[in-house]
Amino acid sequence: MQHDTHNLARMCIFHAILKRVIFFYELWFGTLGEDGEKALLSYTSTLGCEIYEYIVRFREYQHAALHRQALEEVGQTEKWQWVERNNPASAFPTDFALLQIERSISAIFVIELGKLSFVKDVSPQMRFTRALMTPRSEEESSAAQSGGSSDSKLEPPWGDDKSATDHAQMKPPGRLQTSMSHEDGSPLPGNTSLVNHGRTLLLQRSQITSMFEAEKLWAKGFTGAKVRMAIFDTGVRADHPHFRNIKERTNWTNEDTLNDNLGHGTFVAGVISSQDSQCLGFAPDVEIYAFRVFTDAQVSYTSWFLDAFNYAIATKMNVLNLSIGGPDYLDSPFVEKVWEMTANNIIMVSAIGNDGPLYGTLNNPADQSDVIGVGGIDYSDHIASFSSRGMSTWELPHGYGRVKPDIVAYGREVIGSKMTTGCKSLSGTSVASPVVAGAVCLLASVVPEKERWQLLNPASMKQALMEGALRLPGPNMFEQGAGRLNLLKSFEILANYKPRVSIMPNFLDFTDCPYSWPFCRQPLYAGAMPMIFNATIINGMGVVGYIEAPPTWVPFEDAGNLLHIQFTYSDVIWPWTGFLGLHLRIKSNGSSFQGTIEGNIVFRVLSPPVKGENIPRSWECILPLKVAVIPTPAREKRVLWDQFHSVHYPPGYIPRDSLDVRNDILDWHGDHLHTNFHGMFDSLRDAGYFVETLGSPLTCFDAAQYGTLLMVDLEDEYYDEEIEKLKEDVETSGLGLIVFADWYHVDTMVKMKFFDDNTRSWWTPATGGANIPALNDLLAPFGIAFGDTILNGVYSIGGERAHYASGTDIQRFPAGGFVHRFLFQDHSGGHSGITSSRTSVESPILGAVEAGSGRIAVYGDSNCLDSSHIMSNCYWLLKKLLDFTSCNIRDPVIFPATNELGTALGMQDSPLPMRRDDVNFSSYSLVLGQPLRCGTDAPLAVQGTRGYKQEQREPFPNVGSKTAVSQREAMDATVTEQVVLPTPVDVNMMATSPAASGMHHGIASPLLDLTTLTAIQWLIPALLCTTGFVLIISLWRVRQRKRRRARKGSSRSLSNL
């Protein structure tokens, strides 16, 4: 790729020269005044000319020259520079352009560009980086075990002189990418309790292909022939002896080579298609198309991927393996291009991520329902410790995540091809991904070539893989998906396949533990918040489908009529997949029922007819469901978890809760009971508590039904109505309230600000670990407030040893309450909250008090409940606090007489932590600027209203019909624009982009002679600079004359005296 940057660069140089001329003039004549030093610093900081690159996406595919012409006709060409992308995709129409814009005008001009009728959107050019895993120190391994994200690597915004520690601490939050596979023998991220599983098998150096019995398909003559396999990686060498069918190698980077100089792309290609007897691949006759999208420095850019994706569509690739990923599912250009590729019948296989054993750590694009997301297992069929776990977090807080990974395959110490010759072993989900991709190529060759790609598509292949998978006995659905790849079973399914629709999981047995965790841990009962499950619809009949009529519940027995199911589902199933959301409730007349309820959920899916058919395709879907039901528990045993006020990455820079965790700066695991708080959930269930989730505002629950409202690690703001209702709920209705906060320190947040070279923008934390100013507003009616210190240390209470990690203190607490103080190190104000000059202070961190009929307990740190960064859990403390708030049981450990406050803690007029006035929090908030409404996750009585004890309004139209749990709602997605199509003809057009259909446009663009252009470019700046220089000399001479005259006048006056 060549960047034609001369015009913009020279314009920037000219502007810089003018700035320097003006600066030196002011400095020479003393007009800088008292701000001279600041001006000098400003001058030195602007020596460079910052040029930003932006991706402009258009509404239509056209040749690049036509897009450029359209932009030039709008005018303002002096504000942008077209970047030529000289790669194989330039021969085809494109849907985007890459522009360079000078930083000083970028913000306003980008908005202007986005308003053009033919422009879809404008987003920063992002840089992807990933790194080979190297052996880590024991300390680093420990950090990974405690929850650090070890597979996401980004290049820091500084040079190489920074230490590795600083790098980890300040890793920029651009599009995070999964690292390459781990070298054989290198430590693996995450909990290492399973590291030694399968060592005996491994010593035999078993072929990965033999583990899945691929040789049985080879014996039948199936070897992957006539299947086009796209490998997006670091390339492959043309003369590599392991490959017999490398059809094409393309380079999408700015390096002039097609070879793999790192070895990762070669390894992936080897797992898929190697013919070497020591490291056989699954499909030795597959046609390999190597897309080199990473440089030798392991760097890539969004535009490189988009061009390569477009080329894959245009050249009709069949299967695509992408062994990278990241948590940014709001990266619209990337995500929507993946949708477009699968809509064009490319079967995409992607690694689920190496952020295990943590939950809620799925990587994109593997977390998309149209992509086959692959997790990793070892040779003993245990889930690999490094393999990311579900659920997806797109749908929070109102909905519930989808089941991912789709399937698991061996990913620990798999044998594959070396860079030049020979074999080696690697580990990681980026190894498990090509295992499945190779199997997909082999399975595709089973279908006769004549009808192969009429029958095979991303949906039918996913059906064959998931329905044929072998469910493992130990892991739950969010660890293994459908189970381990079963090549021969999938072969049988494909050999007899007819287009149809299926649902995954295909049977919902919520009494089946451990597979159906967490649903099997807590039965249904009347009056509870709905149990929400998000099933995936896989439509093998076509890229587009519709649910003909709302699903129906057909119980097997009369008791099944006690179950009420509210359905939400995709308006349009596209591409190939959709969602079916189930909101399960027990009716009020079932409050004393105990037993199981079974039945079927039934609905019909329609798809437009394909070529040669006259009527729409149709399929009746039947989803069996089995749930356990118990009588409604006593109020004191019911706990309500506030999910609504949790904000996580993306869309903003929400920082981690523990500042001691250096290798993961983002709070991106969902903060849900079933993701990073799953350990706490299991602990409460073991203690006999029933924990329900509130995904709507605090006005949307009946306080009389619950013993305690549990609020942990919350970042959002609160409606005034919520504050008023909570006060009444506690003081009048006897609701218990427990709040676990986190650090909040404005100076520390300011110091955590940095320029992200990936998104070409400044990133600053939207809040602290928790939004303390908002929590203080909520707790103000009770006389409680948190402070803004950052405390770290270890303390003991009642014989229990606890770790306090980046927590805050209690600044105000009412008289009569019980407060615990401990000696901690105060880290406030240091770099990212950590400084070498630490002071020890005795700080109040735990408080409990009665408030009217209710009871309140507060604690300044949530890390002891969060499985992501937990060092030692405090589940024991939470249970003691619940005993108090729900049952009024006063444990002497929490309520010693010596800790009772005779007078209120803190002065009422003392300053409290303030909100940042330089951050637009409304960009991330579900409260600010949003109407107060209860969603489909609230009780039926208040859905679409402002909630209990509020002025009732008309409900939302169609609440609970077709809107809530969609993964695409988070995107303001193109789907709405593209899928709501009136006729079958229009619908079918969705499957093909102009690039794929071979549309070409002529080029008619007159170009100036280079010599003339160069002369024009330099003439005006040269003249202006000369004029400026003459002007400065003239002004200097005038000033000198005035000074000489003034001196002569002074001499004459003195003589006269």
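Laboratory data are not the source of any read-out in this text; all were calculated from the coordinates shown. Since we're looking at a predicted model, the values are computed, not measured. Cβ: placed from backbone, ideal geometry, glycine included. Neighbour counts: every protein chain shown.
The Cα atoms of segment 840-900 give a gyration tensor whose axes a ≥ b ≥ c have a/c of 1.5 or more with a/b no greater than b/c, which makes the shape oblate. P(r) tail, segment 759-899: Cα-Cα pairs separated by more than 17 Å, 64% of all pairs.
Summarising the amide proton neighbourhood of Asp667: residues at separation of 5 or more, or on other chains, whose placed amide H is nearer than 5 Å comprise Tyr649, Ile654, Arg656. Across segment 420-427, coupling constants 3J(HN,Hα) worked out from phi with the 6.51/-1.76/1.60 Karplus curve, θ = phi - 60°, read 10, 6, x, 10, 8, 10, 9, 9 Hz, and Gly and Pro carry x.
Residues in segment 375-382 carry Karplus couplings, in order, of x, x, 10, 9, 6, 9, 6, 9 Hz; the curve used is 6.51 cos²θ - 1.76 cosθ + 1.60 with θ = phi - 60°, and Gly or Pro positions show x. Separation of segment 435-471 and segment 899-941, taken as the distance between their Cα centroids, equals 51 angstrom. When Rg and the Kirkwood radius Rh are both evaluated on Cα atoms of segment 507-573, their ratio Rg/Rh stands at 1.01. Scalar couplings 3J(HN,Hα) for segment 623-630, obtained by applying the Karplus form with A = 6.51, B = -1.76, C = 1.60 to θ = phi - 60°, are 10, x, 9, 9, 9, 9, 10, 10 Hz; x denotes Gly and Pro. In a shell of Cβ-Cβ distance under 11 Å around Val371, excluding Val371 itself, what net charge do Lys and Arg (+1) and Asp and Glu (-1) give? Result for the local shell: -1. For Ile407, nonlocal amide neighbours, meaning residues 5 or more places apart or on other chains whose placed amide H falls under 5 Å from its own, are Gly373, Gly375, Ala482. Less than 5 angstrom separates the built amide H of Lys120 from those of Arg57, Phe58, Arg59, all sequence-distant by 5 or more or on a different chain. Separation of segment 851-896 and segment 232-266, taken as the distance between their Cα centroids, equals 57 angstrom. Taken along its principal axes, the alpha carbon cloud of segment 227-381 reaches lengths of 41, 41, 32 Å, longest axis first. Using a cut-off of 19 Å between Cα atoms, the listed pairs Lys216/Lys489; Lys120/Lys753; Lys587/Lys626; Lys404/Lys462; Lys316/Lys450; Lys247/Lys462 include Lys120/Lys753; Lys247/Lys462 as exceeding that distance.
The distance from the alpha carbon centre of segment 309-349 to that of segment 653-668 is 29 Å, rounded to a whole number. From most to least packed by mean Cβ count within 10 Å, the peptides 62-69, 522-529 give 522-529, 62-69.
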